[in-house]
Structures are given as C-alpha cells and as structure tokens.
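Values in this text are rule-based calculations from the coordinates and carry no lab data. What you are looking at is a predicted structure, and each value in this text was computed from that prediction instead of being measured. As a convention, Cβ positions derive from the backbone with ideal geometry for all residues, glycine included, and neighbour counts pool all protein chains shown.
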Amino acid sequence: MELLLVAIILLTLLSFAFEWMPIDQTALVCLGLLVVTRLVSGAEAIAGFSNPAVITVMMMLILSESLTRSGIVSRFGHRLSVLAGKSPLRAGALLLLFCAGVSAFINNTAAVSILIPVTFQLAKHYRFSPSKILLPLSYMAILGGTCTLVGTSTNLLVSALAVSHGSEPFSMFDFLPLGFILLVVGGLYLLLIGHRILPPRAALSPLTHRYRLGGYLTELKVPATSKLVGSTVVSEQVSDRFMLNVLEILRGKQKIAVDLRNTTIRAEDVLLVRGTPEDLIQFRDHFNLLMLTDTKLGAGDLADERNILAELQLSPNSELTQRSIRDIDFRNRFGAFVLALNRTGETIRSKITSIPLKAWDTLLVFGPRGRVEALYQQDDFIPLEELDLAVRRPSSLRWWLQVLAIPIAVGLATLGIFSILEASILGVVLLLATGALKVQRAYKAVDWSIIFLIASMIPLGTAMENSGLAGHLANWTVNAGHSLGPYGIISIVYIATALTTELVTNNAAVILMVPVATTMAHQLGVDPKPLLMAVAYAGSSSFLTPMGYQTNAMVYGPGRYRFLDYVHLGLPLKLVFWIISTLLIPHLWPL
C-alpha cells in the first residue's frame, strides 16, 4: 500500500509541477485515486470539506473582499506618493511596508491586486521600472502573511492539522516572533539589494511598444473601387476569413468604434486593423485596399477621449479560464478587442483567439472608454494600469462595517472570546445581516480552487498516516538529523518543506509535511509545535518560482519577468531564512 501511495503522490506532484491540469482538478483526481485504492475511507475522503482551516479560509476570503470593496486600502495606497515626497526609496519602502501590514490580516492576493496599479502609478511618478518593485511586492505580501494566524492559508492549515493530531491550536500572534524577524530581514534585503538584482524589464513605454504590436496594427484605406464599399465587417466575414479584427472605422474626423459589425463601409473610409502581416497583406490584396502607413502605430494613435488601450489580468476566480477568446465571443460580450496576450513573460500576438486562457494571463485590450472601464469593474479581471480607476468608491453606505469586520474578528480571536473559526464566521454574518456585503458578492469572493485544493488534499495526509508512509519518512528524518540535535531536525524539516513548496503549492506542501513532522515529534517524545512552526514558515517561503505562490504568478506578466529573475532574487532570501529559522525556532519554541 505504501508503494501505491508513493505512486499517487508522485503523480500528483508531477501534475502540479507541469500543470497537466488545474491544481484543484489535480487535487480532486488525487482524492478519487485514494478512495478507489481504499487508502482512505469515504468518511476520511470528505473530512477535508469540514476541516476548520477550509471554513476559516473561506470566511477570511469573504472578509478580505469586504475590506477591499470598502476602498480604504486602495485610497491609502494612492496616498503613498504624497507621503514619500520626492524620494523614490522612501516611496518603495512605504509601499512594501504597507503591503506587508495589509497582508498580515487580509488575503495576500487581494492585497497585491490592489497595489499593482499603485506600483505602476509610483513607477511613473518617480520614473523607475515597475519590475524593480513588483516581485519584492509579492515577497513582502508573503512575509506579512507569515506574521499572523490569518495572514495566510498556510498558517491556518498547519494550525487545523495540528489540532487533528492532538495538539493545541495556534493563537493569532503565535507566528509573530519569528515572522517579524523574517519580515525585517527580508524587507531590508528587498529594499536595499533587491532592486539592484532585478533588471528593468517592464519599461515605462506605451503599451503598443511594450507588447511590440507596431507590425500588427495598420491603417487601410477603402477606395471607391473596393468590394468592401457597401458591405459590413460581418457580411464579408472579415474575422473568420482573414483572421483579423477591424478595431475602428475612421470616416473623416469621425471615429467609429461602437457597433462596427453593423456599420456599412463607405468609400474613403480608413480601417484600423489588427492581424498578422501575412493576413493583413491577404486582406489588402483581396479587397484592393491601400495601406496608408509603414510606421508603427502607438498608444496615442489608438486612445482618445472615446477609446482607450489598457492592460487587464485574468483573475483566478474568472469564469473565462480554460476558454478561448473566440469561445467567449469577447468582442460582442464585452465590446472590446484583445490585441495581445502575455503569459509567463511571453507575449502572444498571433492567433490569440484560439488559445485557452489561464489565470493570471495579462490581456492588452482596446475599445470604447465606457466598455473598457466596465471591464475594470468585472470580477473576471484585475486592473493593472492606464485608467485612473484603481481607487474604488465605497460600494456600500455601511463601508465602515466593511472596514471594521476584520479587526473585530481578529480582536475576538486574540482575546480568546471565540476561536478564529467562530470569530471569522461571526464577522461574515455581521456583514451579511447588516447588508454591508451582498450574499452574491460573498459567493464570488471565495476562490473555490483554493478551497477544493485544500479540502481534497487533506485526506492525502490521512492516507500517509494510515499506510505507515508518514512513520517511515519520520524515521528516516530522525535518523538523519538526530546526531545534529534539535538544530539538525529543524533544519531538515524546514528545507524539505521549502523545496516541496516550490514544486507544488504552499498548501499541498504543508499537507504532505505535517503528518511527517507530528510523527517525528511522537517518536522523539518532544513537543510538535517547533516542528510544525518549521513547516509553516518553510511552506510560505516560496521565492524561487512563479508557480509556487499565487502572488508570484500575479506579478509575472505585469513585471515582464523571466523564470531566472525569481531564482536570482529569491535564492539568497531562501537560504538566509533557512539559516535564521534553524537557529531561532529551537530557542523560541524549545523541542
């Protein structure tokens, strides 16, 4: 049975690492295999869905959404340039410090999504490349989250799993002593050294230059002899036959960008067209059109008071993932065009309509200003820059309740009046009962991929214990580190978790390591808390890859990063944290 479980674990890890399918689907497949092979019972298979960590994460996501919609975080973020004065170093320090502070109490993804537009705003104001600060922003969100129980799902999960193994749950600020030290060390490194390591990849240039779209946008004039005269874009099936898009019709001084499908083309009209050079030439020759420019069109040629060019990122909760732009019928559904797509640092400009979208894809969108502004308010998208819409107005007259809900929940849990699970539930009930948050918005706030990932993976830890695999791994670790004393044991547990979290997700890493850590503690006859702390801190130390942590994936596209940028910036941080944690955990929480 152990060999069978090892095979299932390896298959699951490979699927996570190579993205054979979305992570929540991988977790569900893993759960199904555990049930089919009888490694877990039916009751054990569904136990994850009632685990306190899963419910607490769900409630905290809703509370984070409420605070985000209050607008207070965004407003304060946009005041940073005023507070920083003329010093770009002070502006960067304030941004990173603010990010860490917010991330200690709200969802890290929400904090970073709010602050990405702020980062671009500061970059323009102080004239530095956004790539110098976006990755440090992600790392500071991670570090801020490690300081409290609710700061990251990793800490909540370790606490809940500790209870299931007979230990006491962690309190709200149990993680603060070492978390604060790591935050200070990491913050100084990122602020003083990090910006020197990161290259200026995301230039402060027009979006068309950044996406290198000059050769793909051009103007074609319709002479009186053209077969297009008297026709429409739809009647000639321009999109389907020639694989290109007509973005605007220029008629004298008039720019027509709304209802293009039904606009009859006239002689002397100028068509602003997007497509590959081959398709553009074929289209020109077929309809006997005149190409007006051989120069590259910039953002200024596209944007005006009616139309705008903007960047949007696909959120992880988006219903558009796994569907192509053609399947979505993006043009008709949203009234705007997708000109280019950036995925993990690679800009895709041709045949983008047939590519299935993924979470954190960055889209370059062009269309009427009102339609694009509407996209900024959609839950499917995260705004990055270009429009001054990042400061959201309060969505409710009871915005002050949205602001106070998290402090109330944290205060009740800190004082021991309620557990964090009970306090977070009461916070959500307060918002819903008073109408400060609509129930539909609460449903949309939950990242169900995270919920299903955690709930489906928890039985894997149970299977490791049932099969004896956790015991054997614990024996090996104890034998390897016993001669080195508590420092050796903590060091091995930390580095094993830290490496695993880079290949899979932080939550999957701690689910695999908690059974091993608790079994080790029982074999040694020591308090499991220091070993569990090592698992928690190491599980959040995802600095080497874009896929290890959600916020790392978020900044990949906007920062125009490459994979090695994460290694160059994150490896020193990872090594220093390993040393600090190994030395301090046995003193802060003696074995």
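Side notes on the structure shown:
- Nearest 10 degrees, 0 to 90: helix 399-414 Cα axis against the chain principal axis: 20 degrees
- Global form of segment 214-297, assessed from the alpha-carbon gyration tensor, a/c cut-off 1.5: rounded
- Principal-axis tilt of helix 23-36 within the chain, Cα atoms, nearest 10 degrees: 50 degrees
- Magnitude of the charge dipole, the chain, Cβ model with Lys/Arg +1 and Asp/Glu -1, debye to 20: 1620 debye
- For segment 443-591: rounded, prolate or oblate by the Cα gyration tensor [a/c cutoff 1.5]: oblate
- Distance between modelled label sites at M21 and L3, nm, 7 Å Cα→Cβ extension: 2.6 nm
- Residue (of S239, I281, A224) at the positive-pole extreme of segment 214-297, dipole from beta-carbon charges: A224
- Two-site FRET efficiency, H587 against D379, from Cβ-Cβ distance with R₀ of 41 Å, rounded to 0.05: 0.35
- In this simple spin-label model, placing a label point 7 Å from the Cα along the Cα-to-Cβ direction at both S41 and D329 gives a separation of 5.1 nm.
- Degrees, to the nearest 10: 108-126 long Cα axis against longest axis of the chain: 50 degrees
- Normalised by the number of residues in segment 214-297, the average gap of Cα pairs under 8 Å and 6 or more apart makes the relative contact order 49 percent.
- Normalising the average separation of contacting C-alpha pairs (under 8 angstrom, six or more residues apart) by the number of residues puts the relative contact order of the chain at 20 percent.
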